[in-house]
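The values are calculated or read from the model by the stated rules, or taken from the named source; none is laboratory data. Since we're looking at a predicted model, the values are computed, not measured. Counting neighbours? That spans all protein chains shown, and the Cβs are built from the backbone with ideal geometry, glycine included. All accessible areas refer to the heavy atoms of the entire protein, side chains included, with ligands and DNA or RNA removed. Shrake-Rupley method; radii C 1.70, N 1.55, O 1.52, S 1.80 Å.
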Amino acid sequence: MVYRFENAFVKKMGGGYAACTSSGTAALHLILLAMGIYSGDEVIIPSFVCSALLNAVNYTGASPVPVDINPLTYNIDPEEVKKHVNEKTRAIIVPHIFGAAADMDSLLALDIPIIEDCAQAVGGTYKKKQLGTLGHAAIFSFYATKVMTTGEGGMVFSFSDKLIDRVKKLREYDNREDYEIRYNYKMTDIQAAMGLVQLSRLDDFIQKRKNIAVQYNSAFKNIDIQLPEQKKDHIYFRYVINLKFDTANTLKHLKNKGIMCERPVYTPLHRPLLLKDCIQTEKAWKQTISIPIYPSLTKNDINRIIQTFKETY
Ligand SMILES: *Cc1c(COP(=O)(O)O)cnc(C)c1O
């Protein structure tokens, strides 16, 4: 089933090679290792994203370098990346945050290997190309809350058969003649079977998310908040709005009324490293909230969310 899921995934990507993993974090760890990234190297990541990126880079012994974001898209800012590139820089991990593609043209122009982090953007596109096909390699997550799920699970994708072979060699430890440090990062057949069915439903999941976003966009258009970027290829893993003030009280009030809105990032990644120059990230952390969006949300739910938000915010 794992083999079948990998093949179906490659077909969806329009070619290339894929390796299933036990999680998105494991996929990140394996691709960094496969690219030969070790201690003494630097890997640039955005600050406004979950700590899985920080963990994966730290597993390898390389130094994570969190940089600031574009406040309109919440994606990594290519100008900020440029400021942090030096002779130790080995890769940039580029998440397509909340389902919206990062500015790939500007990032590719920097000529540093890019690992696309498509954990929030499986099935998304950038200028008609599948996300995950633009960089050196890509990773995906199929955790329970993602756009498609296998419970826990992940994928590494690349057009380089060498890289994916290396990932597969490191992914499992048993039945090997030689010894090197290997991992147990396999996906199970049960998960892969689920992944096959989920993959066949992916386009429908994305269409439903887009339809909900259209309703939110029109309901919120006369309020003084910053809506998500209105791009046709946004797949709305999260519907993130900027209220332009500290959201702490709004979040509390909405939760009290049964609407589970959250900060879209739990804590920015420059904080544990005690870095101070991610100003846009701090602002976005303070001022943005994520409004519930998922394919099974009913018309009644959507109306109640809109109504409650308008009364509360
Ligand atoms: C969820 C996520 C990951 C990690 O995936 P897991 O399967 O939870 O390990 C990595 N990057 C991003 C952007 C994510 O959203």
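Would you say V167 is within 21 Å of H96 (Cα to Cα) and either open to solvent by less than 20 Å² (accessible area, probe 1.4 Å) or outside any loop (DSSP other than H, G, I, E, B) (or both)?
No.
Where residues in the range 224-266 are away from the ligand (no atom under 16 Å from the Cβ) and hydroxyl-bearing (S, T, Y), which of them is farthest from Q280 (Cα to Cα)?
T250
For the range 138-164, how many residues are assigned to a helix (DSSP H, G or I) and among the acidic types (D, E)?
Summing the residues that are assigned to a helix (DSSP H, G or I) and among the acidic types (D, E) in the range 138-164 gives 1.
Output yes when any residue across the range 220-235 is without any contact (Cβ under 8 Å) to a residue 12 or more places away in the chain and over 21 Å from the mean Cα position of the chain (by Cα), and no when none is.
Yes, some residue in the range 220-235 is without any contact (Cβ under 8 Å) to a residue 12 or more places away in the chain and over 21 Å from the mean Cα position of the chain (by Cα).
Just to be sure I understand, how many residues within the range 152-179 are charged (D, E, K, R) and modelled with pLDDT of 95 or more?
Qualifying residue count for the region: 9.
Output the residues belonging to the range 275-313 that are part of a loop (DSSP other than H, G, I, E, B) and either modelled with pLDDT of 95 or more or open to solvent by less than 90 Å² (accessible area, probe 1.4 Å) (or both).
Result: L275, D277, C278, P292, I293, Y294, P295, S296, L297, T298, Y313.
Collect the residues in the range 139-170 that are within 16 Å of the ligand (Cβ to nearest atom), of a type in the set (A, V, I, L, M) and in contact (Cβ under 8 Å) with a residue 60 or more places away in the chain, keeping them in residue-number order.
I139, V147, M155, V156, V167
Whether any residue in the range 222-230 is open to solvent by 80 Å² or more (accessible area, probe 1.4 Å), closer than 21 Å to D103 by Cα and either part of a loop (DSSP other than H, G, I, E, B) or in contact with a Ser or Thr (Cβ under 6 Å, 6 or more places away or on another chain) (or both) is what I want to check.
Yes.
Tell me which helices (runs of 4 or more DSSP H) are completely within the range 14-112 and hold 2 or more residues being within 12 Å of the ligand (Cβ to nearest atom), or say none if there are none.
24-34, 52-60
Mind listing just one residue for me: the one in the range 44-61 that is touching a residue at least 24 places away in the same chain (Cβ under 8 Å) and farther than 23 Å from P264 by Cα and, of those, surrounded by the fewest Cβ atoms within 10 Å (Cβ to Cβ)?
Once the filter is applied, the top-ranked residue is Y59.
For the range 96-107, enumerate the residues that are touching a helix residue (DSSP H, G or I) at 6+ places or on another chain (Cβ under 7 Å) and open to solvent by less than 10 Å² (accessible area, probe 1.4 Å).
Correct list: L107 only.
Only one of these conditions is not met by R271: (1) over 22 Å from L227 (Cβ atoms); (2) in a helix (DSSP H, G or I). Which number is it?
(2)
From (1) surrounded by 18 or more Cβ atoms within 10 Å (Cβ to Cβ); (2) over 18 Å from C50 (Cβ atoms), pick out the condition that doesn't hold for R238.
(2)
So how many residues does the range 113-126 have that are more than 10 Å from the ligand (Cβ to nearest atom) and either in a loop (DSSP other than H, G, I, E, B) or among the basic types (K, R) (or both)?
4
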